[in-house]
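Here is the structure we will look at.
The values are calculated or read from the model by the stated rules, or taken from the named source; none is laboratory data. Values in this document were obtained by computation on a predicted structure and should not be read as measured data. Ideal geometry is used to build each Cβ from the backbone, glycine not excepted, and the neighbour counts take in all protein chains shown.
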Amino acid sequence: MNIPLIKPYIDQGIKDKVLEVLESGYLTEGPVTREFEQRLQNYLGCRHTLAVTSATTGLEVALRALTIGPGDEVIVPDYTYPATASVVPIVGATAVIVDVNRDSMLIDYDAIEAAITEKTKAIIPVSLFGSPLDYERLNKIKNQYGLYIIEDAACSIGAEYNDEKIGNQADITVFSLHPRKFITTGEGGIITTANPDWANWMNSYKHFGMAMDKTAREGVQFTIIGTNYKLSNIQAAVGLGQVKHIDKLLANRIELAGNYLRLLANIRGVTLPRVINNGRHSYQSFCVFIDNRDSIMTEMRGKGIEVQIGTYALHTHKAFKHHPLVRMAGAMSNSKWCFDHALALPLYYGLTMDQQKLIVNELSSVYARINNN
Ligand SMILES: *Cc1c(COP(=O)(O)O)cnc(C)c1O
């Protein structure tokens, strides 16, 4: 038996489309990328949608669009993938790391307020695993202190807040298209914003700083120093075939998560993360909290069930401990607790109810054995 943690959705239509792109000879960013962006934009219901090479480069572009750099501070949570924080020193600003809430695993709003200084320019909250944030609270903080919100929504395609898709709440939102995420292009990212000036700037920056200019000799002008964060037609073809089935795929994830919630309800030793009532979790990862997580993870993997930690506690990592452009604001005890207790269970299109029952039964018996010793 072997149950993987995730499995990207690749059907014949996707294979055909990739082949079509290969045979067209048009491999770099182009019409397929545009169609992919447009489809996602329609799905998300947002104004501007830009494909980039990853969520990490997307977050970097977002910071640059808001002219955040040396001397500025940006608040990020401790319990997240390192990229959320790394992009801040990458643009020369200081990452101020704060603790999370232990029940939701999401950034602690009181800790944000406590960490704000005159230098604070933005917050990068993370809708971790597809769990929507409390945008009402975030907007209050944003308005009170005059900050920007860049949402690291790497995990959150399909999640909702008050019946509106994530991608419309923050100033700029960034999604990931890594294969661990719900929709994948192999590597890739999507930026959304309602602000046309930022969208134009970001579009130019990812295209070498190029701007269309009919009066210029080649029809273009390079107006800013830019870089190359384009998403190729080949990658977009992979994503396009998934976006076409996005409603079916998301409904399936939510159904599978619902099965887990029912099956796990009375399992000794398992607690479930708290989610907000007016949101819809997209379950990029389905995580539980459990004692002796590491031993349980090892045993489960030994049985062919690929479980995984939730994510990382940045304060325990060398890169963030000693960096001159990183400041720890607080003790991070909740983040450490989440790091020690969160366990992600397999969740992908095609996972069966029998497999889910088996996973939960194994989890239950492994827990009982380990905790009786
Ligand atoms: C996956 C992930 C990232 C990185 O996304 P890439 O597209 O691989 O750069 C950043 N933040 C969070 C919260 C993630 O889960």
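Report, by residue number, each residue of the stretch 208-232 that is of a type in the set (S, T, N, Q) and over 22 Å from the mean Cα position of the chain (by Cα). Listed by number, the residues that qualify are Thr215, Gln221, Thr223, Thr227.
Being surrounded by 15 or more Cβ atoms within 10 Å (Cβ to Cβ), touching a helix residue (DSSP H, G or I) at 6+ places or on another chain (Cβ under 9 Å) and more than 20 Å from His281 (Cα to Cα) narrows it down to one of Ala194, Ala211, Ala159, so name that one. Please lay out each step first, then the result.
Working: Ala194 fails: touching a helix residue (DSSP H, G or I) at 6+ places or on another chain (Cβ under 9 Å); Ala159 fails: more than 20 Å from His281 (Cα to Cα).
Going through Ala194, Ala211, Ala159 in turn, the sole match is Ala211.
Only residues that are in a strand (DSSP E or B) and more than 16 Å from the ligand (Cβ to nearest atom): list them for the stretch 167-206, please. The answer is Thr193, and nothing else.
For Trp337, the criteria (1) surrounded by fewer than 21 Cβ atoms within 10 Å (Cβ to Cβ); (2) of a type outside the set (Gly, Ala, Ser); (3) more than 26 Å from Asp99 (Cβ to Cβ) hold in every case but one, which is (3).
A residue that is more than 23 Å from Leu347 (Cβ to Cβ), among the β-branched types (Val, Ile, Thr) and without any contact (Cβ under 8 Å) to a residue 24 or more places away in the chain cannot be found anywhere in the stretch 258-277. Picking from residues in the stretch 313-334 that are in contact (Cβ under 8 Å) with a residue 24 or more places away in the chain and of a type outside the set (A, V, I, L, M), the one that is surrounded by the fewest Cβ atoms within 10 Å (Cβ to Cβ) is His317.
Can you name the residue in the stretch 229-280 that is in contact with a strand residue (DSSP E or B) (Cβ under 7 Å, 6 or more places away or on another chain) and small (Gly, Ala, Ser) and is also surrounded by the most Cβ atoms within 10 Å (Cβ to Cβ) among such residues?
Step one: of the stretch 229-280, the residues in contact with a strand residue (DSSP E or B) (Cβ under 7 Å, 6 or more places away or on another chain) are 229-231, 236, 257, 260, 264, 269-273, 278-280.
Checking the rest, the ones that are also small (Gly, Ala, Ser) come to 236, 257, 269, 279.
Working: Ala236: 28, Ala257: 19, Gly269: 17, Gly279: 20.
Among them, the one singled out is Ala236.
Selection of the stretch 277-294 for residues being modelled with pLDDT of 95 or more and away from the ligand (no atom under 16 Å from the Cβ) yields Asn278, Gly279, Arg280, Val288, Phe289, Ile290, Asp291, Asn292, Arg293, Asp294. Listed by first and then second residue, the pairs with beta-carbon distance under 9 Å, at least 6 apart or on different chains, first residue in the stretch 54-80 and free of Cβ contacts under 8 Å to residues at least 24 places away in the same chain, second away from the ligand (no atom under 16 Å from the Cβ) and in a helix (DSSP H, G or I), form an empty list.
The listed residues are Tyr43, Tyr26, Tyr109, Tyr79, and the only one of them that is farther than 25 Å from Gly167 by Cβ and of a type in the set (Phe, Trp, Tyr) turns out to be Tyr26.
Out of all the residues in the stretch 253-271, is one or more of a type in the set (Val, Ile, Thr) and touching a helix residue (DSSP H, G or I) at 6+ places or on another chain (Cβ under 8 Å)? Give the derivation first.
Going through the stretch 253-271, the residues of a type in the set (Val, Ile, Thr) turn out to be 254, 267, 270-271.
So of that shortlist, the ones also touching a helix residue (DSSP H, G or I) at 6+ places or on another chain (Cβ under 8 Å) come out as 267, 270.
For the stretch 253-271, residues of a type in the set (Val, Ile, Thr) and touching a helix residue (DSSP H, G or I) at 6+ places or on another chain (Cβ under 8 Å): present.
With respect to Ser86, determine if the residue is modelled with pLDDT of 95 or more and surrounded by fewer than 22 Cβ atoms within 10 Å (Cβ to Cβ). Yes. Highlighted here are the helices (runs of 4 or more DSSP H) found entirely within the stretch 38-148 that include at least 2 residues which are among the charged types (D, E, K, R) and away from the ligand (no atom under 16 Å from the Cβ): 109-115, 135-145.
Within the set Ser295, Ser333, the sole residue that is farther than 23 Å from Ile3 by Cα and among the polar types (S, T, N, Q) turns out to be Ser333. Criterion first (among the basic types (Lys, Arg), more than 18 Å from Cys46 (Cα to Cα), more than 16 Å from the ligand (Cβ to nearest atom) and modelled with pLDDT under 95) does Lys214 satisfy it? For Lys214, the condition - among the basic types (Lys, Arg), more than 18 Å from Cys46 (Cα to Cα), more than 16 Å from the ligand (Cβ to nearest atom) and modelled with pLDDT under 95 - is met.
Could you tell me whether the stretch 156-166 includes any residue that is within 12 Å of the ligand (Cβ to nearest atom) and within 18 Å of the chain's Cα centre (by Cα)?
Yes, that holds for at least one residue.
Just one residue in the set Val360, Val326, Val270, Val275 is out of contact with any Phe, Trp or Tyr (no Cβ under 8 Å at 6 or more places or on another chain) and among the hydrophobic types (A, V, I, L, M, F, W, C); that residue is Val275. One residue is enough: does the stretch 39-58 have a residue meeting the conditions among the hydroxyl-bearing types (Ser, Thr, Tyr), exposed (fewer than 14 other Cβ atoms within 10 Å of the Cβ) and at pLDDT 95 or above? No, every residue in the stretch 39-58 fails to be among the hydroxyl-bearing types (Ser, Thr, Tyr), exposed (fewer than 14 other Cβ atoms within 10 Å of the Cβ) and at pLDDT 95 or above.
In the stretch 100-115, which residues are among the aliphatic types (A, V, I, L, M) and surrounded by 18 or more Cβ atoms within 10 Å (Cβ to Cβ)?
Taking the stretch 100-115 first, the residues among the aliphatic types (A, V, I, L, M) are 100, 105-107, 111-112, 114-115.
Val100, Met105, Leu106, Ile107, Ala111, Ile112, Ala115, listed by residue number.
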